[in-house]
Amino acid sequence: MSEPALLEVRALDVHFPVRGPGLLPSRLTLRAIDQVSFDVRAGEVLGVVGESGCGKSTLSRALLKLIPATAGSVRLRGVELTTLPKAAMRPLRRSMQMIFQDPLASLDPRMTVGEIIAEPLKALLPGMERAEREQRVLRTMQHVGLLPAQINRYPHEFSGGQAQRIGIARALVVQPQLVVCDEPVSALDVSIKSQIINLLLDLRAEHGLTYIFVAHDLATVRHIADRVMVLYLGRVMEITDRDALYARPLHPYTRLLLSAVPIPDPALARRVGPTREELPSPLALPSGCAFRTRCPLADARCVAERPVLREIDGRYVACHHAEAAAA
Ligand code: SF4
């Protein structure tokens with residue numbers, strides 16, 4: 001039997017009004033997230049991948065209600081978050097935490113490491129005694145590989161990788177169930193990247209965590225994700241178990257992303273089709289399939305009809321011609 005869903009997202013929209021160009025500008029709508037649906041099972045790592053501008057960061061923030069959803073549903077263990085009043089959201093904030101992309105920029109330079117890690121405890125568990133809070137901070141520092149002696153240091157005294165450990169400790173100190181990792185390794189050197197990914201995997205095993213792990217390339221999520229969701233211009237293109245996705249990508253956009261990953265298997269490399277071209281403006285989405293302006297398989301149906309996300313061989317793909325790729 002499959003794991004129950006910890007998070008259920010259905011038909012989520014996040015739209016922003018934008019002023020158009022010109023002397024008498026019209027009001028345009030930026031569809032940053034457009035009818036996105038997916039589940040995250042308890043204990044899994046869902047990788048979310050797409051190029052810059054595909055809506056990954058907007059999605060991360062909307063899931064945690066840091067920006068409002070325009071429409072749709074986000075349920076955490078069955079509790080609808082999009083309509084939840086601020087006061088009722090507060091206790092749930094302990095269950096959902098975020099790790100940010102740029103570790104040094106996301107940490108207050110005027111606060112010590114101890115103060116930075118203790119801050120969410122003070123906000124979300126105000127009744128906790130000071131001594132217990134200090135113990136929790138020290139324990140969490142130890143879990144992420146920081147030394148107790150570093151508690152009174154400031155962020156600028158740390159390398160990027162060490163600073164990200166502080167960011168991870170700050171997220172984990174309130175003992176969340178779900179952690180949204182918004183490109184947590186993209187600003188780090190290659191060797192440090194793998195250290196942080198291994199740390200996140202160890203922490204998941206020790207504490208039973210669930211991650212949504214966002215990255216702009218498929219190579220990064222390969223080592224951490226159980227399943228991968230591919231986003232393009234705010235829409236879901238494919239959701240598939242990791243091994244199936246890398247062995248046999250069904251969506252042409254997934255194949256485009258895989259073309260940036262070195263592929264040792266020549267047979268698979270031949271199946272990797274389209275070349276890279278410019279991402280269309282999210283303010284002027286193509287009709288029908290959002291990917292059709294870059295897709296070598298696009299035909300009249302792709303211009304006229306938006307493909308829905310549908311199940312094929314236990315995978316979810318939004319492409320009119322996915323059966324051909326699956327055959
Ligand atoms: S629906 Fe058409 S344009 Fe879109 S990915 Fe599939 S084949 Fe390409």
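The values are calculated or read from the model by the stated rules, or taken from the named source; none is laboratory data. In this text, all values refer to a predicted model and were calculated from it rather than measured experimentally. Cβ sites come from the backbone with ideal geometry, for glycine too, and all protein chains shown count toward neighbours. When the accessible area is computed, the model is the full protein with side chains, heavy atoms only, and any ligands, DNA or RNA have been set aside. Shrake-Rupley method; radii C 1.70, N 1.55, O 1.52, S 1.80 Å.
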Assuming residue 88 fulfils every condition listed in (1) in contact with a helix residue (DSSP H, G or I) (Cβ under 9 Å, 6 or more places away or on another chain); (2) in a helix (DSSP H, G or I); (3) closer than 29 Å to residue 7 by Cβ; (4) open to solvent by 40 Å² or more (accessible area, probe 1.4 Å) apart from one, which condition is it?
-> (1)
Considering (1) over 27 Å from residue 63 (Cβ atoms); (2) at pLDDT 95 or above; (3) open to solvent by 40 Å² or more (accessible area, probe 1.4 Å), say which one residue 150 fails and leave the rest.
-> (3)
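Got a sec? Which of 239, 263 is surrounded by fewer than 20 Cβ atoms within 10 Å (Cβ to Cβ), of a type outside the set (S, T, N, Q) and either at pLDDT below 90 or not in a helix (DSSP H, G or I) (or both)?
Values: 239 fails: surrounded by fewer than 20 Cβ atoms within 10 Å (Cβ to Cβ).
None of the others qualify; the one that does is 263.
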Confirm whether residue 88 is at pLDDT below 95 and out of contact with any Gly (no Cβ under 8 Å at 6 or more places or on another chain).
-> yes
Single unsatisfied condition, residue 225 versus (1) more than 24 Å from residue 194 (Cα to Cα); (2) at pLDDT 95 or above | (1)
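A quick yes/no check of all residues on (1) within 16 Å of the ligand (Cβ to nearest atom); (2) at pLDDT 95 or above; (3) part of a strand (DSSP E or B):
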position: 181; (1), (2), (3): no, yes, yes
position: 204; (1), (2), (3): no, yes, no
position: 230; (1), (2), (3): yes, yes, yes
position: 286; (1), (2), (3): yes, no, no
Tally, over segment 288-302, of residues that are more than 6 Å from the ligand (Cβ to nearest atom), surrounded by 19 or more Cβ atoms within 10 Å (Cβ to Cβ) and assigned to a helix (DSSP H, G or I) = 1
Candidates 255, 270, filtered to the one that is part of a helix (DSSP H, G or I), modelled with pLDDT under 95 and open to solvent by 50 Å² or more (accessible area, probe 1.4 Å) | 270
Pairs, first free of Cβ contacts under 8 Å to residues at least 60 places away in the same chain and open to solvent by 40 Å² or more (accessible area, probe 1.4 Å) in segment 191-212, second assigned to a helix (DSSP H, G or I) and of a type outside the set (S, T, N, Q), C-beta under 6 Å, six or more apart = 192/161
For residue 60, work out the one condition from (1) open to solvent by 10 Å² or more (accessible area, probe 1.4 Å); (2) in contact with a strand residue (DSSP E or B) (Cβ under 7 Å, 6 or more places away or on another chain); (3) among the polar types (S, T, N, Q) it doesn't fulfil.
-> (1)
Going through segment 134-147 one residue at a time, which ones are open to solvent by less than 80 Å² (accessible area, probe 1.4 Å) and in a loop (DSSP other than H, G, I, E, B)?
-> 144, 145, 146
Check on residue 99, touching a strand residue (DSSP E or B) at 6+ places or on another chain (Cβ under 6 Å) and open to solvent by less than 50 Å² (accessible area, probe 1.4 Å) | yes
Looking at segment 308-323, is at least one residue in contact with a strand residue (DSSP E or B) (Cβ under 6 Å, 6 or more places away or on another chain), at pLDDT 90 or above, open to solvent by 80 Å² or more (accessible area, probe 1.4 Å) and more than 10 Å from the ligand (Cβ to nearest atom)?
-> yes
